[in-house]
1. Show that you can apply the helix-only estimate: for the chain, add -39,500 (n - 2.57) for every DSSP H stretch of four or more residues, divide by all residues, and state [θ] at 222 nm to the nearest 500.
2. Calculate how steeply helix 250-264 sits against the longest principal axis of the alpha-carbon atoms of the chain, using the helix alpha-carbon long axis, and give the answer as 0 to 90 degrees to the nearest 10.
3. Please work out the ratio of the alpha-carbon Rg of the range 160-204 to 2.2 N^0.38 Å and round it to two decimals.
4. Using per-residue counts of other Cβ atoms within 10 Å, averaged over each peptide, order 73-84, 170-181, 45-56 from highest down.
5. Cα centroid distance between the range 65-83 and the range 206-256, in Å?
6. From the square roots a ≥ b ≥ c of the eigenvalues of the alpha-carbon gyration tensor of the range 132-186, which class results: rounded (a/c under 1.5), prolate (a/b over b/c), or oblate?
7. Bins of 10 Å, beginning at zero and ending with the bin holding the largest distance: percent of Cα pairs per bin for the range 31-259, please.
8. Please grab the % of Cα pairs in the range 1-98 that end up more than 21 Å from each other.
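Any read-out appearing in this document is the output of simple, stated calculations on the displayed coordinates, not a laboratory observation. Since this is a predicted model, take the numbers as computed values, not measurements. So basically every Cβ, Gly included, is an ideal-geometry build from the backbone, and we count neighbours across all protein chains shown.
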């Protein structure tokens, strides 16, 4: 006998997602940076494939979808916090972690929707070991044309390209602390400390552990920045299925975040 708690009581279809994205303000030709949780929607008929199909249809041939492909385990283990790792394992991780691969590397923490976009024909993926980006659409190659190892979330990065393209940000079932776009504000603020990072990459002679410099990011500030954006009515809040959705202009959010960080971070 089936438990009533396991019965699907509502189904979200591709057309419903399309209609609600348009109602939020997503339009054809838009560059859209998406952070998402498939589970937050409730039951989607067709799962991640349906959501990606809907996103691509709404922005059309002139638009672009961008997602983050972060592989946080491919980073300097001495900085790990969730969870931390014991000192005696640092060298083992540095010697053993596989190098980043645009298809094979584990980026499951970014969610099923990002994974679905990564495996689509025509997707373009950068090659940074820890904070790669994937894009599909008109400006995909422009956004992913270069991604420096050092300071990979700064102005000369896919985030900077999205900023210049006046991209919009769509948070689906996730909080502001998941908004990768706001790391650009940290980079531009001049308030974050510089640290020595590292990751496994493919060198000329095979896999190596490559050191590089980056900022010491703190996404804990993003929740407060999000409150500022909402207080100034810069965010459209909506629901698609069961998912709480937030939609805003990237340039506006980054500029507000830079000002907030400069004012409050010592």
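1. Result for the chain: -8500 deg cm²/dmol, rounded to the nearest 500.
2. It is inclined by approximately 50 degrees.
3. 1.54
4. 170-181, 45-56, 73-84
5. 16
6. It comes out oblate by the Cα gyration axes.
7. Per 10 Å bin, starting at zero, the Cα-Cα P(r) for the range 31-259 comes out as 8, 32, 37, 19, 4, 0 percent.
8. The proportion of pairs with Cα distances above 21 Å equals 55 percent.
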